[in-house]
Amino acid sequence: MDKRRIGRTNLIVSEVCLGTMTFGSSCDEALSFRIMDAAVDMGIDFFDTAEVYPVPPDEKWVFRTEEFVGKWLKGRNRDEIVIATKVVGAPGTWFQPPIRAGKTGLDRRNIRVAIEGSLKRLGTDYLDLYQTHWPDHEFGYEETLIVLDELVEEGKVRYIGSSNENAWGTMKAQATAERLGVARYESIQNNFSLINRRFEDALAEICRREQISLLPYSPLGGGVLTGKYNAETLPENARFTRYLQDGGERQRRMADRFLNEKSLATTAELKKIADDLDTTLAALALAWSRQHDYVASTIVGATTVEQLEESVAGAALTLDSATLHRIDEISEKHPYPMG
C-alpha cells in the first residue's frame, strides 16, 4: 500500500487508516483484534480512535475502544503503528459527552485529564497525532493550542490536528498558532464522501495553501455508498437501521441526514459506474477519496474482516479522467445529498 505524509510532519502513513469507532459496541474484543490483525496484514499502519469511542457514545462502554487498541498493542513494536486519538470538545445542545460528567471542553484541565487517560488506556507513553474531536469557537484557540504545544514539548504528543472543523476555524487556529509561536494543526479530520463533498467548497483550498492534510472519515457515507440501503427493506443490523429503529433523537437525525432521496439516488447512479469498472461501490468511493491531492489517509471502519478487505480494494484502483467526470456529473445532478 502506498504511503503519504500528513501535513508538514514526519508522519508518513498508509493511504488507508483503520477507524476503530465500532470496537467495543458492534465489535467485541476478539473481532476487534482480528480486524486490527487483518489491517496490518493488508499494509495499514495508521489507526484512528478517540476517548469517547465506541459509538454510539454511551456511559456503559465509553473508553472501551482505546482499551481494546491498547490491549492489542501489547507485545507489538509500538513504532510500527501510527496512533491517532482525540479529546472531546465542549458539550452542546446536539450532544452531551458521556465523559467527565458532561463537563468537557478544550481547556487546560480537560486536555490534561484526557491525554493521561488516553495514554494509560492505549498503553503508550506518546501519541503520534492528538486531535480535538470538535471545536469550541466561543472558547477560542489560545489556551487549547498552548496546552497542546506543551504536550508536544513534553514528548507526550508528536503532532496535533483538528476534527469536524470549518473553514473559519481552521484559518483562525492557524493564525493563532503563528501569532503564539506554538504547534499548529497539521491535519483535519472531517466527513467527506461522494454524498458529502462540502469540503471542496473552501477547506480544500485551505489545505492546499496551508499544507494541512485531510483525513476523511465516513468515505462510504456511513455505509450508504455500499448500496445496502438501496434495497426495498432496511438491511438488518446496519448502523442506520439501528438508529432509525432503536436510536435516540440524535441518532435518528443522523440517519435522516445520511439516508434521503438524493443520497440514495446518487448511490444508485454511482453503482452503474462501479459496474462498468467491474468493481464495487466501496472500492469506487475509496479510490475517489484517495485521488485528492490534499488527502493523506482515508479512514475506513469495519465490523468484519471482509468489509475491510472490500474497502482496501480502493487503494489499488485509479479512476481515469472520464470516470471522474461522470462522477462530477452525478454530483451536479444531485447537489449536496447530505444537506
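Find the residue count for region 33-58, including only residues that are buried (at least 24 other Cβ atoms within 10 Å of the Cβ), of a type in the set (Gly, Ala, Ser) and under 22 Å from Ala313 (Cβ atoms).
Summing the residues that are buried (at least 24 other Cβ atoms within 10 Å of the Cβ), of a type in the set (Gly, Ala, Ser) and under 22 Å from Ala313 (Cβ atoms) in region 33-58 gives 1.
Residues being touching a residue at least 40 places away in the same chain (Cβ under 8 Å), assigned to a loop (DSSP other than H, G, I, E, B) and either closer than 19 Å to Tyr126 by Cβ or not acidic (Asp, Glu) (or both): count how many of those fall in region 50-64. Show your work before the answer.
Quick first cut of region 50-64, residues touching a residue at least 40 places away in the same chain (Cβ under 8 Å) only: 50-52, 56-58, 63-64.
Subsequent filtering for residues that are assigned to a loop (DSSP other than H, G, I, E, B) retains 50-52, 56-58, 63.
Going one step further and asking which of them are either closer than 19 Å to Tyr126 by Cβ or not acidic (Asp, Glu) (or both), we end up with 50-52, 56-57, 63.
Counting residues in region 50-64 that are touching a residue at least 40 places away in the same chain (Cβ under 8 Å), assigned to a loop (DSSP other than H, G, I, E, B) and either closer than 19 Å to Tyr126 by Cβ or not acidic (Asp, Glu) (or both) gives 6.
Please work out if Lys228 is under 21 Å from Asn191 (Cα atoms) and surrounded by fewer than 19 Cβ atoms within 10 Å (Cβ to Cβ).
Values: under 21 Å from Asn191 (Cα atoms): yes; surrounded by fewer than 19 Cβ atoms within 10 Å (Cβ to Cβ): yes.
So Lys228 passes the test.
Among the residues of region 179-218, how many are assigned to a strand (DSSP E or B), closer than 26 Å to Leu270 by Cβ and among the aromatic types (Phe, Trp, Tyr)? Please lay out each step first, then the result.
Of the residues in region 179-218, the ones assigned to a strand (DSSP E or B) are 185-189, 191, 193, 196, 213-214, 217.
Filter again for closer than 26 Å to Leu270 by Cβ, leaving 188-189, 191, 193, 196, 213-214, 217.
Filter again for among the aromatic types (Phe, Trp, Tyr), leaving 217.
The total comes to 1.
One line per residue, one yes/no per condition, for (1) over 21 Å from Ala285 (Cβ atoms); (2) modelled with pLDDT of 95 or more; (3) touching a strand residue (DSSP E or B) at 6+ places or on another chain (Cβ under 7 Å):
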{"site": "Met1", "(1), (2), (3)": "no, no, yes"}
{"site": "Ile6", "(1), (2), (3)": "yes, yes, yes"}
{"site": "Ile12", "(1), (2), (3)": "yes, yes, yes"}
{"site": "Glu15", "(1), (2), (3)": "no, yes, yes"}
{"site": "Thr20", "(1), (2), (3)": "no, yes, yes"}
{"site": "Glu29", "(1), (2), (3)": "yes, yes, no"}
{"site": "Arg34", "(1), (2), (3)": "yes, yes, no"}
{"site": "Ala38", "(1), (2), (3)": "no, yes, no"}
{"site": "Asp41", "(1), (2), (3)": "yes, yes, no"}
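Going by what's in this entry, would Thr65 be described as touching a helix residue (DSSP H, G or I) at 6+ places or on another chain (Cβ under 7 Å), under 29 Å from Glu249 (Cα atoms), among the β-branched types (Val, Ile, Thr) and at pLDDT 95 or above?
Numbers: touching a helix residue (DSSP H, G or I) at 6+ places or on another chain (Cβ under 7 Å): no; under 29 Å from Glu249 (Cα atoms): yes; among the β-branched types (Val, Ile, Thr): yes; at pLDDT 95 or above: yes.
Here the answer is no, as Thr65 does not meet what is asked.
Does Thr22 qualify as being surrounded by fewer than 24 Cβ atoms within 10 Å (Cβ to Cβ), within 18 Å of the chain's Cα centre (by Cα) and at negative phi?
Values: surrounded by fewer than 24 Cβ atoms within 10 Å (Cβ to Cβ): yes; within 18 Å of the chain's Cα centre (by Cα): yes; at negative phi: yes.
Taking the combined requirement at face value, the residue satisfies it.
Out of all the residues in region 117-163, which are charged (D, E, K, R) and within 15 Å of Thr49 (Cα to Cα)?
First, the residues of region 117-163 that are charged (D, E, K, R): 120-121, 125, 128, 136, 138, 142-143, 149-150, 153-154, 156, 158.
The answer is Lys120, Arg121, Asp128.
Across region 65-98, what is the total count of residues that are within 23 Å of Asp246 (Cβ to Cβ), out of contact with any strand residue (DSSP E or B) (no Cβ under 7 Å at 6 or more places or on another chain) and not in a strand (DSSP E or B)? Full working, then the answer.
Within region 65-98, the first condition is being within 23 Å of Asp246 (Cβ to Cβ), and the residues that meet it are 65, 93-98.
Applying the additional criterion that residues be out of contact with any strand residue (DSSP E or B) (no Cβ under 7 Å at 6 or more places or on another chain) yields 93-98.
Okay, now just the ones that are also not in a strand (DSSP E or B), so 93-94, 96-98.
The qualifying residues number 5.
Check off (1) more than 24 Å from Ile35 (Cβ to Cβ); (2) of a type outside the set (Val, Ile, Thr); (3) part of a loop (DSSP other than H, G, I, E, B) for Arg250 and give me the number that stays unchecked.
(3)
Yes or no: region 246-267 includes at least one residue that is under 21 Å from the mean Cα position of the chain (by Cα), surrounded by 14 or more Cβ atoms within 10 Å (Cβ to Cβ) and closer than 24 Å to Ser213 by Cα.
Taking every residue of region 246-267 in turn, none turns out to be under 21 Å from the mean Cα position of the chain (by Cα), surrounded by 14 or more Cβ atoms within 10 Å (Cβ to Cβ) and closer than 24 Å to Ser213 by Cα.
Here is a list: Arg34, Arg4. Which entry is part of a strand (DSSP E or B) and touching a residue at least 40 places away in the same chain (Cβ under 8 Å)?
Arg4
Pairs please, first residue from region 132-148 and farther than 16 Å from Thr104 by Cβ, second anywhere and among the aliphatic types (A, V, I, L, M) and crowded, with 23+ Cβ neighbours inside 10 Å, Cβ atoms under 6 Å, 6+ apart in sequence or on different chains.
Close Cβ pairs satisfying both conditions: Tyr141/Ala173.
The values are calculated or read from the model by the stated rules, or taken from the named source; none is laboratory data. Predicted model only: the values in this text are computed from it and were never measured. Note that we place each Cβ from the backbone using ideal geometry, even for glycine, and neighbour counts take in every protein chain shown.
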